[in-house]
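J.: My questions all concern the structure below.
Quick note: the coordinates plus some simple rules give every number you see, no bench work behind them. Remember, it's a predicted structure, so these values are computed and weren't measured experimentally.
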């Protein structure tokens with residue numbers, strides 16, 4: 001295992017060393033100590049490596065992740081796993097706003113709560129939140145799955161496209177064009193797999209599914225007046 005002291009050696013050197021693994025993956029396990037809320041930790045990774053961050057981080061942790069597994073043993077600031085492509089990002093604590101924004105793939109697990117706009121404009125990512133999510137989560141979500149084991153705030157799924165939303169607790173309100181949908185056997189199976197992969201102690205049968213009513217897809221002249 002490679003141990004990197006972020007406080008002593010700086011962020012630029014850390015990310016350069018992690019990026020080098022894309023060409024030569026000779027150090028597959030990394031431990032980052034003393035992050036002290038630093039921004040942009042472990043961004044743009046593109047190698048099958050494991051990175052453990054011993055503490056909380058700031059903005060855009062593990063953004064644009066590909067292949068790597070990043071585990072933050074603390075909480076994360078805004079935009080964690082933003083534009084993620086593949087791999088796994090695990091936040092042991094809470095995540096601030098727009099976690100997993102525009103994510104195209106991979107799995108984001110938040111073991112605490114997520115703030116507002118979790119999964120905004122998601123494009124294929126799977127997000128599992130063990131706790132609650134804030135308002136406007138999954139706003140304009142295009143594809144992928146958002147699983148909330150707790151409650152959801154106002155305007156869930158506003159202007160949603162074809163993403164699937166699963167909520168075990170209460171939903172304060174649904175956003176424009178977002179409706180409750182039937183939970184079919186294929187959804188239960190999908191949800192069971194996601195919960196297992198995320199280490200969430202919940203049963204698929206306890207969740208409700210939400211998605212697009214598909215009323216915003218086409219221009220309606222009556223709405224122009």
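J.: Considering every pair of different Cα atoms, what Kirkwood radius, in Å, is found for region 25-157?
T.: The answer is 13.8 Å.
J.: Indicate the gyration tensor shape class of region 29-75 (rounded, prolate or oblate), computed on the Cα atoms with a ≥ b ≥ c the square roots of the eigenvalues: a/c under 1.5 is rounded; otherwise a/b larger than b/c is prolate and the rest oblate.
T.: Oblate.
J.: Further question on the same structure: Over the chain, with a Gaussian network built from C-alpha contacts below 10 Å, which listed residue (17, 40, 114) shows the highest mean-square fluctuation?
T.: Fluctuation is largest for 17.
J.: Quick one: what do you get for the chain if you divide its Cα Rg by 2.2 N^0.38 Å?
T.: Working it through for the chain, the quotient is 1.04.
J.: Determine the gain in length on full extension of the stretch residue 26-residue 181; use 0.36 nm per residue of separation and subtract their C-alpha separation, reporting nm with one decimal.
T.: 51.1 nm
J.: Also: Mind running the shape call on region 1-95? Use the C-alpha gyration tensor, a ≥ b ≥ c as the square roots of the eigenvalues: rounded below 1.5 for a/c, prolate if a/b tops b/c, oblate otherwise.
T.: oblate
J.: Please provide three numbers in whole Å: the alpha-carbon extents of region 10-56 along the principal axes, with the largest listed first.
T.: On the principal axes, region 10-56 reaches 29, 17, 14 Å in Cα extent.
J.: I would also like to ask the following. Post the alpha-carbon centroid distance, region 135-190 to region 76-106, in whole angstrom.
T.: Each part reduced to its Cα centre gives a spacing of 17 Å.
J.: Another question, then. In the Gaussian network model of the chain, springs joining C-alpha atoms below 10 Å, which of 105, 157, 169 carries the largest mean-square fluctuation?
T.: Highest fluctuation among the options: 169.
J.: With the radius of gyration and the Kirkwood radius both derived from the Cα set of region 114-214, what is their ratio Rg to Rh?
T.: Rg/Rh: 0.92.
J.: Over the chain, what is the percentage of antiparallel beta bridges among all DSSP beta bridges, to the nearest 5?
T.: Counting only bridges with both partners in the chain, antiparallel ones make up about 15 percent.
J.: Looking at the chain as a GNM with Cα springs under 10 Å, which of 57, 102, 29 has the largest mean-square fluctuation?
T.: 29
J.: Also, I was wondering about something else. With angles folded into 0 to 90 degrees, how steeply does helix 185-197 sit against the dominant principal axis of the chain? Use alpha carbons for both and round to 10.
T.: With rounding to tens, the tilt is 20 degrees.
J.: Give the shape of region 45-116 as rounded, prolate or oblate, defined through the alpha-carbon gyration tensor: a ≥ b ≥ c are the square roots of its eigenvalues, a/c under 1.5 means rounded, and otherwise the shape is prolate if a/b is larger than b/c and oblate if not.
T.: Oblate is the answer for region 45-116, as a/c is 1.5 or above yet b/c matches or exceeds a/b.
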